[in-house]
Amino acid sequence: MKALVLYDSFFGNTKLVAEIIAKELDCKAVKVDEFNPDMLQGLQLLVVGSPIRGWRPSPLTHEFLNALPQGSLKGIKAASFDTRMRIFIHGDATKQISSGLINAGAEILVDPKWFDVKTKEGPLFEEEQENAKTWAQQLISKLKGN
Ligand SMILES: Cc1cc2nc3c(=O)[nH]c(=O)nc-3n(C[C@H](O)[C@H](O)[C@H](O)COP(=O)(O)O)c2cc1C
């Protein structure tokens, strides 16, 4: 299976989640501004994660999604995640990420997932590293059709 995890991160928390997921998927975690369309060659699964910034995905994540040509993700399964705080109105980054991926032709494989940080700078809540691993395993199992 060829997979790729793209992420943005300011303080390292989303990066850590992306790296845990990538390790399970046996693929690379790449910062979203280092994305290059050649990376889509033969790709089966694309996972995109962003911290929530002002109730939405980060500016770099937006840029990536807006630059994706229509149809460029045709035939590719995709999933989105975000990192956020446990606050009353936290917003959501995954909806916009998923819409962008769908607009580019991807098929969403599983429900989006979020991972909570304790403060703006982190760290992640203790259970979230294990949750990231479990979510990645769900992706693999869904991709295999189980
Ligand atoms: C300018 C700014 C805006 C933020 N806006 C939100 C927000 O709307 N909702 C939320 O849950 N967290 C918000 N956060 C907290 C981030 O989600 C948190 O910093 C992020 O999950 C950490 O991930 P990172 O280390 O990968 O950057 C904000 C943080 C900053 C610095």
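From least to most packed, judged by other beta carbons within 10 angstrom and beginning with the fewest, 119, 134 follow the order 119, 134.
Loop sites here are trypsin sites (Lys or Arg not before Pro) outside DSSP states H, G, I, E and B with no more than 16 other Cβ atoms within 10 Å. The longest part of the chain free of them is 3-73. Each helix, a run of at least 4 DSSP H residues, gives -39500 (n - 2.57); summed and divided by the residues of the chain, these come to -10000 deg cm²/dmol at 222 nm. At an R0 of 22 angstrom, the distance between the Cβ atoms of residue 130 and residue 41 translates into a FRET efficiency of 0.10.
When you filter the chymotrypsin sites (Phe, Trp or Tyr not before Pro) in the range 1-86 for DSSP loop state and at most 12 other Cβ atoms inside 10 Å of their Cβ, you are left with 55.
Counted over the range 3-143, the DSSP beta bridges are approximately 10% antiparallel. Taking the centroid of alpha carbons for each part, the range 1-40 and the range 80-116 are 15 Å apart. Straightening the chain between residue 10 and residue 89 buys 26.4 nm, computed as 0.36 nm per residue apart minus the Cα-Cα spacing.
Charging the Cβ of each Asp and Glu at -1 and of each Lys and Arg at +1, and nothing else, the dipole of the chain about its Cα centre rounds to 220 debye. Using only Cα atoms, find the angle between the long axis of helix 128-143 and the longest principal axis of the chain, and express it within 0 to 90 degrees, rounded to the nearest 10. On a 0 to 90 degree scale, this one is about 20. When the Cα gyration tensor is reduced to axis lengths a ≥ b ≥ c, the ratio a/c is 1.5 or higher for the range 9-118, and with a/b above b/c it is classed as prolate.
No lab work stands behind these numbers, since they all come straight from the coordinates. These numbers come from a predicted model, not from an experiment. Every residue, glycine as well, gets a Cβ built from its backbone with ideal geometry; the counts of neighbours run over all protein chains shown.
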